[in-house]
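The values are calculated or read from the model by the stated rules, or taken from the named source; none is laboratory data. Source: prediction; values computed, not measured. Cβ sites come from the backbone with ideal geometry, for glycine too, and all protein chains shown count toward neighbours.
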Ligand SMILES: Cc1ncc(COP(=O)(O)O)c(C=O)c1O
């Protein structure tokens, strides 16, 4: 008799036709091939200790962090930390409930007030993540008879928001104003339309021509949602994002954002001036059917958002860092995702996954952490080393980073 609990039994089961995991064989194989080449797994790095927004101990070695999206370096801000500690002491570790039941504390309301002030908008709704904010708002406002027109390079949370709802989905070529207009023109007259755009596209770090795109959307009577996840806190005179920078924030119906980047904690939000916006709290399932953020998190978020309102000097330094890194890498001979620095993301294009992984590892050995991104997450099947700068990176650190790229690039044969 076969021992079904033993190795053979389990093996037989895994091989059987009905194994629902067989669809992942391709990705398992790709990973095994990569690891068998001797390279470290780029997707299982552990931060053993975090020393500051720009430094951590990884594999026992002090490492400069250049892939955290911690753009404004708020994670160790003393006021932010103090607010979190005080909320833990006074409100406990979690709410154990939905926002519409027992999960709205004073801190959640204060966080929404801070967001309303930050954006100078009438309504703000805090979600447990930015992913859920997109999931919830997109799937709820665009219904069965409606159309969603979106950039093909949209973030997964936008696509998943489309998939969760019942609207017709109409993608257009990345940042192509004409392609977007063509799609809008074809939509039956009178149908509800939602155009979904991002301020900064996080793979290549390029920005959207929001001014032109929003003008087109309005011409066709579409509502506009802009995800400013990678621009909030940094881009625009008040850090409100690319729509503010391009002078079109008043024409945006919904701004989506996250606390997991410039704000330096976790959570998501939507702000809007729509007079009926508050109804979302009753009908938006990813808001209603999940627990609210812990009190310490909303306290850190509110404090951070209020400080970001006065972050002009930090924003200027972050732009300086972005320009220096972009120019320096280009001068070294690396291929960059954008011709000019457009955001705090600098994407270095790798020739293929193997050399990308080797370069990622060589940088880690140098003491530098960046993000390795590969298809299908990347556009045009590219392998990218994505660098995200922080306002807390010093001028010296950026020079050190350039030296690390030069040595690693030469060792791997990329430059
Ligand atoms: C454009 C964009 N939108 C939304 C999100 C989701 O944010 P969160 O980390 O809060 O779920 C991300 C996160 O990477 C993002 O890049």
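Sort out which residues of the range 164-204 are in contact with a helix residue (DSSP H, G or I) (Cβ under 9 Å, 6 or more places away or on another chain) and within 15 Å of the ligand (Cβ to nearest atom), and write them in order of number. The answer is 164, 174, 175, 196, 197, 198, 199, 200, 201, 203, 204. Only a single criterion out of (1) touching a residue at least 60 places away in the same chain (Cβ under 8 Å); (2) assigned to a helix (DSSP H, G or I); (3) within 19 Å of residue 231 (Cα to Cα) is not satisfied by residue 361, namely (3). Which one is farthest from the ligand (Cβ to nearest atom), of the residues in the range 265-280 that are under 14 Å from the mean Cα position of the chain (by Cα) and part of a loop (DSSP other than H, G, I, E, B)? For the range 265-280, the residue satisfying everything is 265. Residues in the range 300-339 that are in contact with a helix residue (DSSP H, G or I) (Cβ under 7 Å, 6 or more places away or on another chain), farther than 23 Å from residue 407 by Cα and surrounded by fewer than 22 Cβ atoms within 10 Å (Cβ to Cβ): 306, 307, 309.
Suppose the filter is on the phi > 0 side of the Ramachandran plot and either near the ligand (Cβ under 10 Å from one of its atoms) or over 19 Å from the mean Cα position of the chain (by Cα) (or both); does residue 247 pass it?
Working: on the phi > 0 side of the Ramachandran plot: yes; either near the ligand (Cβ under 10 Å from one of its atoms) or over 19 Å from the mean Cα position of the chain (by Cα) (or both): yes.
Taking the combined requirement at face value, the residue satisfies it.
Consider the range 250-264. How many of its residues are surrounded by fewer than 24 Cβ atoms within 10 Å (Cβ to Cβ) and either within 11 Å of the ligand (Cβ to nearest atom) or over 21 Å from residue 135 (Cα atoms) (or both)? Outline the logic, then answer.
First, pick out the residues of the range 250-264 that are surrounded by fewer than 24 Cβ atoms within 10 Å (Cβ to Cβ): 250-251, 253, 260.
When the remaining residues are screened for being either within 11 Å of the ligand (Cβ to nearest atom) or over 21 Å from residue 135 (Cα atoms) (or both), the result is 250-251, 260.
Final tally of qualifying residues: 3.
Taking the condition assigned by TED's automatic domain parsing to the domain that holds residue 103 and either in a helix (DSSP H, G or I) or within 18 Å of the chain's Cα centre (by Cα) (or both), does residue 316 pass?
No, not satisfied.
Between 279, 348, the distinction of being at pLDDT 95 or above and assigned by TED's automatic domain parsing to the domain that holds residue 106 belongs to 279 only.
I'd like to know if the range 374-395 contains one or more residues that are surrounded by fewer than 23 Cβ atoms within 10 Å (Cβ to Cβ), assigned to a loop (DSSP other than H, G, I, E, B) and in contact with a helix residue (DSSP H, G or I) (Cβ under 7 Å, 6 or more places away or on another chain).
Of the residues in the range 374-395, the ones surrounded by fewer than 23 Cβ atoms within 10 Å (Cβ to Cβ) are 374-383, 386, 394-395.
Next, from what is left, pick out any that are assigned to a loop (DSSP other than H, G, I, E, B): 374-378, 382, 394.
When the remaining residues are screened for being in contact with a helix residue (DSSP H, G or I) (Cβ under 7 Å, 6 or more places away or on another chain), the result is 374-375.
Yes, because at least one residue in the range 374-395 is surrounded by fewer than 23 Cβ atoms within 10 Å (Cβ to Cβ), assigned to a loop (DSSP other than H, G, I, E, B) and in contact with a helix residue (DSSP H, G or I) (Cβ under 7 Å, 6 or more places away or on another chain).
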